[in-house]
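These notes are about the structure you will find just below.
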Amino acid sequence: MAAFLLGAVLLIVQPQIVPSRPAINSKAETSAQSVQRELLKKTSQKNDFKENIHSNGTCRQLPQTIIIGVRKGGTRALLEMLSLHPDIAAAESEVHFFDWEDHYRNGLQWYVNQMPFSYPHQITVEKTPAYFTSPKVPERVYNMNQSMRLLLILRDPSERVLSDYTQVFYNHMQKHKPYPSIEQFLIKDGELNVDYKAINRSLYYIHMQNWLKYFPLDHIHIVDGDKLIKDPFPEIEKVERFLKLSPQINASNFYFNKTKGFYCLRDSGRERCLHESKGRAHPQVDTWLLEKLHEYFHEPNKKFFELVDRTFDWHSFVAS
């Protein structure tokens, strides 16, 4: 009897096994998670997509690399420059698979159908800038591919806020719709309006913490968006190394277009620039308001630098 009681006690007090993947909420999984788990069982392997094989040996395949953001950080420029490499096959449009519920419910087969045809040796890349700031996305990407290599391009948070506003402003102008001035978004009751969505998107450390719950830092390459604009080749070289690509892109692939005011691409004698919607001038903002932005982002930037063990040349508020 004593032996039986001792065995019962040992069963009760034995330690819990530490999970080998990120911890999930102990509550019952949501219906969406359950559905996706079944989809992953059925369609997680590349060979499950036979109908996507082309006669020339190419096929559609799940991306091995995703450009996850940030919005107005230079994601389109990064994708266009990376596409200069012959071993890259890039999806043309932003797919929004992991952040839009209507798309996510369609499952991985739908996701694969959005990808370009590629050869087996090529890396398929898709970009959706909203992924970085969407809370549900890191876990969903992890569930699809734990070895995913992620590209994140960031720029000065204050400048990114201004670019964010500028894009929405021009979208309204093209539709002949009025749009408030940037001051009306940035200022509320005489103070900086920290509830403005564009400001939240620039709090990089908050969003990065979410991604680091699922992916190690060495699976996330951060591209310096400010440097990419001024001198793109060194930044693209780093991306090539991160993706373990052979060095195929060189300095001659880039030339500065004085008319547009930014770098354009040269590929096999053909020259092309980004769409005219890129590189638009920001609205004029009073100096005191810019200083408010710099002051607000000072501490969040420090936290981000500590998180990724790296610093960036962003505006820094210095108390007088």
(request) Identify the single condition in (1) open to solvent by 60 Å² or more (accessible area, probe 1.4 Å); (2) in contact with a strand residue (DSSP E or B) (Cβ under 6 Å, 6 or more places away or on another chain) that P178 does not satisfy, given that it satisfies every other one. (result) (2)
(message) Please pick out the residue among K197, K188, K177 that is within 24 Å of E291 (Cβ to Cβ) and modelled with pLDDT under 95.
(response) K188
(message) If I filter segment 236-252 for residues that are touching a Leu at 6+ places or on another chain (Cβ under 7 Å) and not aliphatic (A, V, I, L, M), do I get at least one hit?
(response) no
(request) Go through the residues of segment 276-283 one by one and say whether even a single one is touching a residue at least 24 places away in the same chain (Cβ under 8 Å) and more than 27 Å from E183 (Cα to Cα). (result) no
(request) Specify which of the listed residues (S158, S118) is closer than 25 Å to L307 by Cα and of a type in the set (S, T, N, Q). (result) S158
(request) Only residues that are over 16 Å from the mean Cα position of the chain (by Cα) and open to solvent by 20 Å² or more (accessible area, probe 1.4 Å): list them for segment 56-83, please. (result) N56, G57, C59, R60, L62, S83
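This table checks each residue for (1) surrounded by 11 or more Cβ atoms within 10 Å (Cβ to Cβ); (2) part of a helix (DSSP H, G or I); (3) of a type in the set (A, V, I, L, M); (4) at pLDDT 95 or above.
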position: E276; (1), (2), (3), (4): no, no, no, no
position: H282; (1), (2), (3), (4): yes, no, no, no
position: H298; (1), (2), (3), (4): yes, yes, no, yes
position: N301; (1), (2), (3), (4): yes, yes, no, yes
position: L307; (1), (2), (3), (4): yes, yes, yes, yes
position: R310; (1), (2), (3), (4): yes, no, no, yes
(request) Scan segment 220-274 residue by residue and report those that are of a type in the set (S, T, Y) and outside any strand (DSSP E or B). (result) S246, S252, T259, S268
(request) Only residues that are surrounded by 21 or more Cβ atoms within 10 Å (Cβ to Cβ) and in a helix (DSSP H, G or I): list them for segment 190-207, please. (result) A198, I199, R201, Y204, H207
(message) With the structure loaded, tell me whether E51 is within 17 Å of the chain's Cα centre (by Cα) and either open to solvent by 70 Å² or more (accessible area, probe 1.4 Å) or at pLDDT below 95 (or both) or whether it fails that test.
(response) no
(request) Search segment 134-173 for residues being under 12 Å from F98 (Cβ atoms) and assigned to a loop (DSSP other than H, G, I, E, B), and hand back the single one that is least open to solvent (accessible area, probe 1.4 Å). (result) M148
(request) Tell me which residues, restricted to segment 100-121, are assigned to a loop (DSSP other than H, G, I, E, B) and surrounded by fewer than 20 Cβ atoms within 10 Å (Cβ to Cβ). (result) W100, R105, N106, Q114, P116, Y119, P120, H121
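The values are calculated or read from the model by the stated rules, or taken from the named source; none is laboratory data. No experiment lies behind these values; they were computed from the predicted model shown. Glycine gets a Cβ as well: all are built from the backbone with ideal geometry, and neighbour counts include every protein chain shown. Surface accessibility is based on the protein's heavy atoms, side chains included, excluding ligands, DNA and RNA. Shrake-Rupley method; radii C 1.70, N 1.55, O 1.52, S 1.80 Å.
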